[in-house]
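What follows is one structure encoded as structure tokens, with my remarks underneath.
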Amino acid sequence: GAVVSQHPSWVICKSGTSVKIECRSLDFQATTMFWYRQFPKQSLMLMATSNEGSKATYEQGVEKDKFLINHASLTLSTLTVTSAHPEDSSFYICSASPGQDPYEQYFGPGTRLTVT
Amino acid sequence: AQTVTQSQPEMSVQEAETVTLSCTYDTSESDYYLFWYKQPPSRQMILVIRQEAYKQQNATENRFSVNFQKAAKSFSLKISDSQLGDAAMYFCAYRILYNQGGKLIFGQGTELSVKP
């Protein structure tokens, strides 16, 4: 149980284009979803927290107009990287929480974004 | 603000031996969770062990155990009988019990290699 999927697992896009990454909770309802960014050999950096049906809360320093997060249902959240640039190339990981004690977070397998 | 510090960027252990990974944290909260996550080369985050701050007993999961020192704000992970499959990046993480959407704060990570 408690499986989270991400799609795509790897995406290559050209500079200036937008790319959407999906995060789905497959066997539970996710009240809260989190989006992380991870550079090679580094830790996970939280980008934003999203609750179903409300606007995402972005961490300080994260451009909300560049990284659009939508949490339209209890099983799906999307991250759209708008006008992508090579510096946006990274590994993006989502996690989902059923929103009940102990508020466990279940992680997706991640998406590797390469911007050329 | 809460912080998590892992002072060992890299550690190495001989197969079948025991290794301890260090983690310290800073918080003014009294109720929180602490976690150790494993990230193998696949980059899928795997929960290794969880400790509730209100519990005095150290958590144990098979070959993995923690030494939780609340007053010292220390949370180390001991891996006994190390196996080749234990080689991975290990992250210590902290989470406030109920506030801030339950977001995780990660340490910098410790890369563990296991020598056959």
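The values are calculated or read from the model by the stated rules, or taken from the named source; none is laboratory data. Bear in mind the structure is a predicted one, so any value in this text is a computation, not a measurement. Glycine gets a Cβ as well: all are built from the backbone with ideal geometry, and neighbour counts include every protein chain shown. The protein model used for the area step is the full one, side chains on, heavy atoms only, and it has no ligands, DNA or RNA in it. Shrake-Rupley method; radii C 1.70, N 1.55, O 1.52, S 1.80 Å.
Both radii come from the Cα set of the protein assembly as shown: Rg as radius of gyration, Rh as Kirkwood radius; their ratio Rg/Rh reads 0.97. For A:SER54, the accessible area of its heavy atoms, probed at 1.4 Å with every protein chain present, is near 60 square angstrom. Which GluC sites (Glu not before Pro) does segment A:1-76 hold that lie in a coil by DSSP with at most 11 other beta carbons within 10 Å? Within segment A:1-76, the qualifying GluC sites (Glu not before Pro) (loop, at most 11 other Cβ atoms within 10 Å) are A:GLU63.
Among A:PRO109, A:SER77, A:TRP10, which residue has its Cα positioned farthest towards the positive end of the charge dipole of chain A, with +1 placed on the Cβ of Lys and Arg, -1 on the Cβ of Asp and Glu, and the dipole taken about the Cα centre? Value computed over the given set: A:TRP10. Annotation for segment A:8-87 versus segment B:1-72: alpha-carbon center distance of 26 Å.
Within chain A, the longest run free of trypsin sites (Lys or Arg not before Pro) that sit in a DSSP loop with at most 11 other Cβ atoms within 10 Å is A:42-116. Contact residues in segment B:36-58 by the 40 Å² criterion (accessible area, 1.4 Å probe, full protein complex versus chain alone): B:ARG43, B:GLN44, B:MET45, B:ARG50. Would you mind counting up the charge near B:LEU104? Only other residues with Cβ under 13 Å from its Cβ, with Lys and Arg at +1 and Asp and Glu at -1. Net of charged neighbours comes to +1.
A:HIS85 contributes an accessible area of around 70 Å² to the protein surface, as traced by a 1.4 Å probe with all chains present.
DSSP assigns beta bridges within chain B; of those with both partners inside it, close to 90 percent run antiparallel.
The residues packed around A:SER73, meaning those with a beta-carbon under 12 Å from its beta-carbon, carry a net charge of -1 if Lys and Arg are +1 and Asp and Glu are -1. Scanning residues 5 or more positions from B:SER12 or on other chains, those with amide H under 5 Å from its amide H are B:SER113, with H placed 1.01 Å from N in the peptide plane. For the protein assembly as shown, A:CYS13 stand unpaired, since no other cysteine beta carbon lies under 4.7 Å from theirs. Here segment B:3-115 is treated with +1 on each Lys and Arg Cβ and -1 on each Asp and Glu Cβ, and its dipole about the Cα centre works out to around 220 debye.
For segment A:66-73, 3J(HN,Hα) computed residue by residue from phi via the Karplus equation (6.51, -1.76, 1.60; θ = phi - 60°) reads 8, 10, 8, 10, 10, 10, 7, 9 Hz, glycine and proline entered as x.
Taken one residue at a time, the phi angles of segment A:22-27 give Karplus couplings (6.51, -1.76, 1.60, θ = phi - 60°) of 9, 10, 10, 8, 8, 9 Hz. Gly and Pro are set to x.
Note down the relative contact order for segment B:45-113 as a percent, whole number, built from C-alpha pairs under 8 angstrom at least six residues apart.
20
Within chain B, which is the longest segment that contains none of the chymotrypsin sites (Phe, Trp or Tyr not before Pro) sitting in a DSSP loop with at most 15 other Cβ atoms within 10 Å?
Longest stretch, sites excluded: B:1-53.
Accessible area ranking (1.4 Å probe, heavy atoms, ligands and nucleic acids excluded), largest first, for B:GLU29, A:GLU87, B:GLU52: A:GLU87, B:GLU29, B:GLU52.
With all protein chains in place and a 1.4 Å probe, the accessible surface of chain B carries 45 percent carbon and sulfur.
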